[in-house]
Amino acid sequence: MPNSKPLMTSSSGTNPVDASVQSALRTLDAEADGIAAITAALQGDLGEAFARATDLIRNARGRLIVTGLGKSGHIGRKIAATFASTGTPAFFVHAAEAGHGDLGMITTDDVILALSWSGEQPEMKNLVNYSARFAIPMIAVTSNAQSSLGAAARIVLELPKVREACPHNLAPTTSTLMQAAIGDALAIALLESRGFTALEFANFHPGGKLGAINVRGGGSYSYDRIDTSRTIAFPGLTDSTHANFHGSVGQLFGEVGYGFAMGTVALEPFAGLAYVHVQDGSFQESGGLAALSASSAHENLGYSTLGLRAATFIPLSNGTALVPRGSLQWQHASYSARIS
């Protein structure tokens, strides 16, 4: 175990409020060091293992089985819930209960994500043996790649050894935060690789109000300067003309939607307004008899839209997902033009 020298300092004669704040700051500093250590490790060997773990989970035909004991087990439950709500089918199996019938919840199409800081918990033995017997790939999250768990895993996410925030360096604090962080990192990497959207997220959270009101808007403007040259030739007339003029296009749009879930479908009714202005400048060609001229023109186009968007999320057996999307819209357009 790393240096066990207590982090706490004597608080004799100090304000108890100040002492508690100083303790909190020491705790947060220690835990921040743990996150920083993961960040640094991901830029080395941990990064390569992390990428392989992401690919293994994404390509699994079954589900992600998260397992652990003690504090690691509590973190495992949270990690499984995060995966499940972000598009990766997952659930938690307690490592000790696995040997009493819960191994039947794990299939050969699944991937196991096993959490153990030491990697030497004897209660994991039945699950580890089951994984090896039926060739179920296992990812170990541990601080000791040489442990029994690390040796049995196909991929090891070896977390850096750091000091716990506990002044005795005993209570799992920094270590459990690091486990939760690497679990979140895996879940978000998979979410992004699958193109999982806010609508799909809302589909898995019908009981909450998760970013229900969506406001979107934008605009653009372009300006063009155009130079022209023409050569005119036919019996009795040969001429050359030149001109330059400018044009511009401006666009603005805004939209308000309200997202909610109905069964397995995410819905979003919405209303939008859009405006487009096109301006063509006047021009006068220089030249002889064939020279042309034109007046400037201004065009205005407005749209108002009422519609409904729908999407659903269908996991496929090869680990990918089908995300059908569709929309139904009613649109009214108005147009005006002015030539000067």
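Any read-out appearing in this document is the output of simple, stated calculations on the displayed coordinates, not a laboratory observation. Small disclaimer: the values here were computed from a predicted structure and weren't measured. Methodologically, a virtual Cβ is constructed for each residue, glycine included, from the backbone with ideal geometry; neighbour enumeration extends over all protein chains shown.
List of remarks:
- Straight-line reach from Lys161: taking Cα to Cα under 18 Å and skipping same-chain neighbours fewer than 8 places apart, the aspartates and glutamates in range are Asp29, Glu31, Asp33, Asp45, Glu120.
- In region 101-160, inverting the average of 1/r over every pair of distinct C-alpha atoms gives 11.4 Å as the Kirkwood radius.
- For the chain, a Gaussian network of Cα nodes joined below 10 Å ranks Gly87, Gly302, Gly34 by mean-square fluctuation, and the top entry is Gly302.
- Angle in degrees between helix 174-194 and the longest Cα principal axis of the chain, rounded to the nearest 10: 40 degrees
- Pair-distance distribution of the chain: all C-alpha pairs, bin width 10 Å, starting at 0; shares per bin in whole percent are 5, 18, 19, 16, 13, 11, 8, 6, 4, 1, 0, 0.
- Candidates Ile314, Ile232, Ile38: whichever shows maximal mean-square fluctuation once the chain is modelled as a Gaussian network with Cα springs under 10 Å: Ile232
- Tail weight of P(r) past 19 Å, computed on alpha-carbon pairs of region 27-149, percent: 49 percent
- Computed over region 257-316, the alpha-carbon pair-distance distribution with 10 angstrom bins reads 16, 23, 17, 14, 12, 11, 6, 1, each value a whole percent.
- Summing Cβ point charges (Lys, Arg +1; Asp, Glu -1) relative to the Cα centre of the chain gives a dipole of roughly 640 debye.
- Compared with the dominant principal axis of the Cα atoms in the chain, helix 45-58 is inclined by about 80°.
- Against the chain, whose longest principal axis is taken from its Cα atoms, helix 70-85 shows a tilt of about 20°.
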